[in-house]
Amino acid sequence: MNSYWKKFYNNEFVTMVLSFSVAAIAWEMAVGLFSIPQWLLPPPTAIVTEIYQSAGYLWQNTLVTIEEILLGFVLACVAGTLLGIVIAYSPVMGKTLYKFLVATQSVPKVAITPLLVVWLGLGMAPKIIMVFLLCFFPIMVNMVSGLQSVNRELLDLAEVMGADWLQSFLKIRFPAALPHLFNGLRVSISLAVIGAIISEFVCADQGLGYSLLVSSSQLKGPLTFSVVTILAFVGIALFSIVAWMEKLICPWAKTTAAEDRNNSEKNS
Amino acid sequence: MTTLLSLEGIKKTYWPASNQTITALGKIDLEVQDREFITIVGPSGCGKTTILKLISGVLKPTKGRILVEGIPLQNSHRQLLGMVFQQPALLPWRTVLDNVLLPCEVKGQDMHKARALAEELLGLVGLNNFINRNPRELSYGMQQRVSICRALISDPRILLMDEPFAALDAITRFEISRLLLEIWSVKKNTVLFVTHNIQEAVFLADRVVVMTPRPGRIASIVDVPLPRPRTEKHLYDPSFSSCAETIHQLLGLNAL
Ligand SMILES: Nc1ncnc2c1ncn2[C@@H]1O[C@H](COP(=O)(O)OP(=O)(O)OP(=O)(O)O)[C@@H](O)[C@H]1O
Ligand SMILES: [Mg+2]
């Protein structure tokens, strides 16, 4: 009985559902108890009802935002990975381009969103570019550090075997760098959601960021909260997809982390 | 006996910074006979790894030359080489079998034949039940055995081993040493084996190369007169002890 309870308690999903339910109930009761108006803070039931009633509208805007996120993210994956490879392999690029890119990071990218609108217009382009700009750097940096931190002995091994450039890249260096790359991807996918929303705040006529802005300016509390809820789910879903792909593509990467956790649990 | 490998007046200087040089190897002259088992002992930092890296072609000597069967070392000689590193250096995304097959893939050999040979080698080192496992599921000693198989798969004329058993406990270490000698007696490779362990050096070798502290030179080469095949009995043989003592003194004197 005791161990069964422990297993139940240790299940991350179960604890998450439990804590969210408790929070939701407390929230619902607080709103009723202090009779807070809906435009200020709607209760969870009102939010759920709103999501159900405005499903079509929310769905359309969600698709727009997801499209911006995915396009920007995929673009950043391709560019970040390729540029990371070039920088890791070329000492000249490492000294010049890399330093330059690092320096540009001190510009707060969100601040140039209005400029992007001026340059690229009102459509999807400025949003995609903003997502791209936010995602690109973590991917590129992690690709570079992954390729550069490959075990010396593995590189010597490639050389002793007489592997050419491409073989040593495909068979040793790139797979060895994959766990690093996925660290970058996980950071980036979270940034991607932020990038899309912020640029929709600045100028848009559709998307979740746009609905958020409009509904809150019209004091439509339940709708605003519905959008926030959906955004949270979109963020979690995208992050989970990246984590799942990591498990699928480089299952060896996480073993160390899991082993470490097991060991520390045993020791404590 | 023919000379397979000769190092002639090898010097190696590292340039870690523009205003700094480290002379790793003073002047090394060494002739290695075909099918000989050579062990190299010396204090830490005396350039043992550097010697192996020079022979494997990963590094170029600052002075002197390396000849393989009388021909200066060139890239095509990599076909003759197998190397075992101090760490197993296995690829965690490949199974045990695929790790062993890596050199054959790189060299574009007939994979069907290679696979059969890999399975045979893994059986020889007692890993037939682990062929499709992930290296992470293996103990350190087992991983090191896999890396030995990987070095042996291309049937190298010259086998370079850089303290391959350093991280193993005494029992596993002795077992693997025995295994290595067994394989060597069948395959008849030429082996250069670096170690910190005097007992191991004597037990394995035909000749033990004893080095001085940096800059590394050859202090002396000690012949081991013990017969083959070697067994644990030889560990208590008087000539074993006298060899070990000689080496001990050579190292001890140099440390002063
Ligand atoms: N890449 C390098 N750059 C600069 N100096 C180096 C480099 N590699 C080795 N050295 C120096 O050369 C000397 C010999 O190094 P080497 O690795 O060959 O020693 P070793 O005999 O294998 O030592 P150990 O027994 O500790 O493994 C050392 O003093 C080391 O400081
Ligand atoms: Mg060494």
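The values are calculated or read from the model by the stated rules, or taken from the named source; none is laboratory data. For clarity, every value in this text was computed on a predicted model and none was experimentally measured. We place every Cβ from the backbone using ideal geometry, glycine too, and count neighbours over all the protein chains shown. Protein only, heavy atoms only, side chains kept; ligands, DNA and RNA dropped before computing areas. Shrake-Rupley method; radii C 1.70, N 1.55, O 1.52, S 1.80 Å.
Just a few scattered comments:
- Considering only alpha-carbon pairs that sit under 8 angstrom and 6 or more positions apart, the relative contact order computed for chain A is 24 percent.
- Taking N as the residue count of the range A:55-258, its C-alpha radius of gyration divided by 2.2 N^0.38 Å amounts to 1.19.
- Compared with the rule-of-thumb size 2.2 N^0.38 Å for a compact globular protein, the range A:21-137 has a Cα radius of gyration ratio of 1.62.
- Compared with the dominant principal axis of the Cα atoms in chain A, helix A:251-267 is inclined by about 70°.
- Per-residue 3J(HN,Hα) values for the range B:24-38, derived from phi via the Karplus relation 6.51 cos²θ - 1.76 cosθ + 1.60 with θ = phi - 60°, read 7, 10, x, 8, 10, 10, 8, 10, 10, 7, 4, 6, 8, 10, 10 Hz in sequence order (x marks Gly and Pro).
- Percent of Cα pairs exceeding the 16 Å cut-off, where the set is the range A:59-106: 55
- Other residues within the sphere of radius under 12 Å centred on the Cβ of B:V209, judged by their own Cβ, net out at -2 (K and R +1, D and E -1).
- Gaussian network model of chain A, springs between alpha carbon atoms under 10 Å - residue of A:L223, A:L97, A:L133 with greatest fluctuation: A:L97
- Cβ-derived FRET efficiency at R0 41 Å, B:E232 paired with A:L101, nearest 0.05: 0.10
- Excluding ligands, DNA and RNA, the accessible surface per residue across the protein assembly as shown is 51 Å² with a 1.4 Å probe.
- When +1 charges are put on Lys and Arg Cβ atoms and -1 charges on Asp and Glu Cβ atoms, the dipole computed for the protein assembly as shown relative to its Cα centre reaches about 820 debye.
- Site pair B:W15 and A:N10 shows an inter-label distance of 5.8 nm when each label is modelled 7 Å from Cα along Cα→Cβ.
- Theoretical FRET efficiency, 1/(1+(r/R0)^6), r = Cβ-Cβ of B:N128 and A:A111, R0 56 Å, to 0.05: 0.35
- ³J(HN,Hα) computed for each position of the range A:210-224 - Karplus, 6.51 cos²θ - 1.76 cosθ + 1.60, integer Hz, glycine/proline x: 5, 4, 4, 5, 5, 5, 6, 6, 8, 6, 8, x, x, 5, 4
- Percent accessible area from carbon and sulfur atoms, the range A:55-258, protein chains only, probe 1.4 Å: 75
- Dipole magnitude (debye, nearest 20) for chain B, charges at Cβ of Lys, Arg, Asp, Glu: 680
- Accessible area ranking (1.4 Å probe, heavy atoms, ligands and nucleic acids excluded), largest first, for B:I55, A:I129: A:I129, B:I55.
- When only Cα pairs below 8 angstrom with a gap of at least 6 residues are kept, chain B shows a relative contact order of 26 percent.
- Normalised convex hull volume, chain B, alpha-carbon set, Å³ per residue: 139
- The radius of gyration of the Cα set in the protein assembly as shown, together with its Dmax, comes out at 31.6, 100 angstrom.
- For chain B, the longest principal axis of the alpha carbon atoms and the long axis of helix B:140-152 meet at an angle near 90°.
- Axis angle, to the nearest 10 degrees, between helix B:170-187 and the longest C-alpha principal axis of chain B: 80 degrees.
- Carbon-plus-sulfur accessible fraction, the range B:102-147 (probe radius 1.4 Å, protein heavy atoms only): 47%.
- Exceeding the 23 Å Cα-Cα cut-off - candidates B:K48/B:K113; A:K171/A:K247; B:K12/B:K48; A:K171/B:K107: B:K48/B:K113
- Ordered by solvent-accessible area of protein heavy atoms (1.4 Å probe), largest first, the residues A:I66, A:I25 come out as A:I25, A:I66.
- Solvent exposure, largest accessible area first (probe 1.4 Å, DNA, RNA and ligands not counted), of A:E67, A:E12: A:E12, A:E67
- Estimated buried accessible area (total), pair A and B, 1.4 Å, Å² to nearest 100: 1900
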